[in-house]
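Quick note: the coordinates plus some simple rules give every number you see, no bench work behind them. What you see is a predicted model, and the numbers here were worked out from it, not measured in a lab. Here Cβ is always computed from backbone atoms with ideal geometry, including for glycine, and neighbour counts include all displayed protein chains.
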2 protein chains.
Amino acid sequence: MTNPFPDVRGVGFAARASLADACRWIDGATAPLPAEPVPAADALGRVLAEAVTAPADRPTGPRAARDGLAVRAEETLGASAYNPIPLTPNSALPVSAGDSMPDGADAVLPVGSATLCGGIVEVVDPIAPGDGVERPGDRWRAGTTVIDAGRRLGAAELGLLAALGVTVVAAAARPRVRLLLAGGPRCGAESLGAPLAALAARDGGAVESLAGPLPADRDALAAAFEAPGADLIVCAGRTGVGVDDVAPLALANAGRLDLHGLALRPGESAGLGVVDGVPVILLPGEPLAALTVWDLLAGRALRRLAALPPASPYPTLRARTARKLVSDAGTAELYRVRLTGDGSVEPVASAAVPGLAAAVRSDGFVLIPAESEGYPPGAEVTVHLTGATLRPKWDGRG
Amino acid sequence: MTNPFPDVRGVGFAARASLADACRWIDGATAPLPAEPVPAADALGRVLAEAVTAPADRPTGPRAARDGLAVRAEETLGASAYNPIPLTPNSALPVSAGDSMPDGADAVLPVGSATLCGGIVEVVDPIAPGDGVERPGDRWRAGTTVIDAGRRLGAAELGLLAALGVTVVAAAARPRVRLLLAGGPRCGAESLGAPLAALAARDGGAVESLAGPLPADRDALAAAFEAPGADLIVCAGRTGVGVDDVAPLALANAGRLDLHGLALRPGESAGLGVVDGVPVILLPGEPLAALTVWDLLAGRALRRLAALPPASPYPTLRARTARKLVSDAGTAELYRVRLTGDGSVEPVASAAVPGLAAAVRSDGFVLIPAESEGYPPGAEVTVHLTGATLRPKWDGRG
């Protein structure tokens, strides 16, 4: 295969693709993986590929819908405070919500509608047949859909599966992610192992392998791209215009380099390509730029493969800028920002000066699109909360 | 110890505490656990109990801040397009961002400021000493705080710890949570094992043990409350007004039952108490009521012990009600709601008819405070997004 991109090392990027183009590339290169059977007990966080239907009517037989006394409704006809009707212990049995109904009983008197008087239960309110009773199939009928396809399984879903007696579900397969850290010990990528593994898990993937730091060797990197077994390959480092930046060349050698150089700050040296049908995302070696490109592109690819919503996984809020955010027209810029006391946001550092230290002092980020030259003070912007909602106060209050 | 509450079985609650009172009880009964050392590699999601400081200046020596050519700045004095200055290969060395600076070099010419002409590098722009170079301590000085106490460690924090060479951090201890499922196979609590374990992990806990379904036996339950080893005990089931509802009595026997009966729907049979200094939360056996009381009270207790923000862990949004939400004044009611196409919310089921099937068809919940009798159509409410932001489309688009 030939590389449509000239070698940018020592030369610089002649052109940069837009972030929107890169997202479109991701969307074209990825689709949800086929479904696989997963034990319900291990399915937390998985996405249902097929709807779960009720295997049987629930409840299977009549059961108490509340705590109270199971009675024959006809024996309570005419009861009132002026005409309490005594019931024998045999025909007024205490039940808890969920208990099977005793034989012959067809209603559950709520606590308070009967009084205990000398060992005899006295009913002061009549009750209609079926009152306080769940009938077979009231919750769901056999065959009806109880959890829709596409639902990510959380606590409530696991509980419902257990209640249904469903032990195996058809879930979207968990994409196998190969993580490669390129570059020697002096570049930033060597510190990215744990962060990228955490992000891969968050976005629904399973780490197939994590290798590095790898030497800046084109053939070795190409071989790492070509090895079978991954659904997505993410390689951090050696993507820029330095002499050792062999990752784009290795990708072009192993398969196709479709895009190299992004109009995005930080993250301009990102690259996108395909090897043997597997999407390969090249992240910059600078750690914050790498995490930025993960969130915007690599994570998007993974979330699409995992059948998760592809857009930003962070909650957002609208806030006003406390200070000006400047941006070059034609380049998308991502500012790490901090929420101030009055609910506005201020940049922690310029998009042009990335560094994890900025990220860990921030509450989230603001992405300024390429069309914009930035925002004046007081402008309303969307903040992606990367850490704020999880940020506790250590004083034990909140 | 004596039980300040009369036995409510077969009688019903004489009074119900407010949700606000229950939250105050939780806040009074819990505080962050002491710190413990945790390997940085295992610290994802943990909360820093002590700030992390830089163990040394970073960088330790001068290094390239960008890809380019490392030069002696003085040799570029007077360079311009009309006066290109040739440099020998020895005094213009290619470097990548992050490389240590070669001996003698004090600036990094960016790609584009030099041209290659017949094997000789020609400089067309002068550069100042230090330009394109990070000096020792530029990122941080030894001893300066790089991650604040109270920060929950995410991907960026793990990367920064790795870059700093920090291998152990002081993190808030992970609370040990004992989960007890009370009630025989016919009540709902037996399906709560996986859901409660998932919620315990989400809220920063480690499951100490998970036992059940346990028989409705007061003494056995009391013994399970009294066994040492847990920082928080959560018991689901057998809390209501039915004859088998022995959990509150067991708690009163083992320690103190401080509160039983909540003005909350679903969830009215919840209870709160203490055994040997360990908070014990009683959840209703009905599964959706149990998950509701987890989110509002048990999860709050756990998040406080874990030094996480105690309030609702879900992202929220403001939306308008598509239909009326009715609520009894004096009772807080929690409606499971679905987002409609036009951005408003409609109830999936009444708060009075709980059921996990409602939760799995919902996008979140709206909590109507006890002071309110509900909302008319079109009212603006806060929606806690329990599942919506994670809800994908299975058509592979989004």
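Some values worked out for this structure:
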item	result
Student exercise, the protein assembly as shown dipole from Lys, Arg, Asp, Glu Cβ charges, in Debye to nearest 20	400 debye
The stretch A:241-398, relative contact order in percent, only Cα pairs under 8 angstrom and at least six apart counted	20 percent
Per the axis that maps chain A onto chain B, nearest residue of A (Cβ criterion) and its distance in Å	A:Pro315, 2
Among A:Leu334, A:Val280, A:Ser344 the positive-end extreme of the charge dipole of the stretch A:269-375 (Cβ point charges)	A:Ser344
Degrees separating the helix A:155-164 axis from the principal Cα axis of chain A, which is the longest one	50 degrees
Sum of side-chain charges, B:Arg218 neighbourhood, beta-carbon under 14 Å (Lys, Arg +1; Asp, Glu -1)	-4
Across the identical copies, how the B:Val207 labels are spaced - nm, sorted shortest first, 7 Å along Cα→Cβ	2.4
Within the stretch A:232-254, backbone nitrogen closer than 13 Å to the virtual label 7 Å beyond the Cα of B:Asp103 toward Cβ	none
Summed side-chain charge close to B:Pro84 - residues other than B:Pro84 whose Cβ falls under 13 Å, Lys, Arg +1, Asp, Glu -1	-3
Farthest positive-ward along the stretch B:212-289 dipole, Cα basis, beta-carbon charges - from B:Gly255, B:Pro213, B:Gly267	B:Gly267
Protection proxy ranking, peptides B:265-273, B:226-234, A:318-326, average beta carbon neighbours within 10 Å, highest first	B:265-273, B:226-234, A:318-326
Nearest-20 debye value, the stretch B:61-122 charge dipole, Cβ charges on Lys, Arg, Asp, Glu	100 debye
For the stretch B:84-97, 3J(HN,Hα) per residue [Karplus equation, 6.51 cos²θ - 1.76 cosθ + 1.60, θ = phi - 60°, Hz, x = Gly/Pro]	x, 9, x, 10, 7, x, 5, 10, 8, 9, x, 9, 9, 3
Most to least packed among B:39-46, B:108-115 [average Cβ atoms within 10 Å]	B:108-115, B:39-46
Chain B, relative contact order in percent, only Cα pairs under 8 angstrom and at least six apart counted	17 percent
Dipole axis of the stretch A:77-161 (+1 Lys, Arg; -1 Asp, Glu on Cβ), positive-most option in A:Val121, A:Ala105, A:Gly78	A:Ala105
Cβ-based exposure ranking for B:Ile120, A:Ile368, in which fewest neighbours within 10 Å come first	B:Ile120, A:Ile368
Note, ³J(HN,Hα) from phi for the stretch B:48-58, Karplus 6.51, -1.76, 1.60, rounded to Hz, x at Gly and Pro	5, 8, 10, 4, 9, 10, 5, x, 7, 4, 10
Across the identical copies, how the A:Ala51 labels are spaced - nm, sorted shortest first, 7 Å along Cα→Cβ	5.6
At 7 Å out from Cα toward Cβ: A:Thr316 inter-copy label distances (nm, ascending)	2.0
Charge sum, other residues only, whose C-beta stays under 12 Å from B:Val207's C-beta, Lys/Arg counted +1 and Asp/Glu -1	+1
Computed magnitude of the charge dipole of the stretch A:86-195 (debye, nearest 20; Cβ of K, R +1, Cβ of D, E -1)	1220 debye
Ranked A:Tyr375, A:Tyr82, criterion: other C-beta atoms within 10 Å, fewest first	A:Tyr82, A:Tyr375
Average beta carbon contacts from partner chains per residue of B:335-347, 10 Å cutoff	0
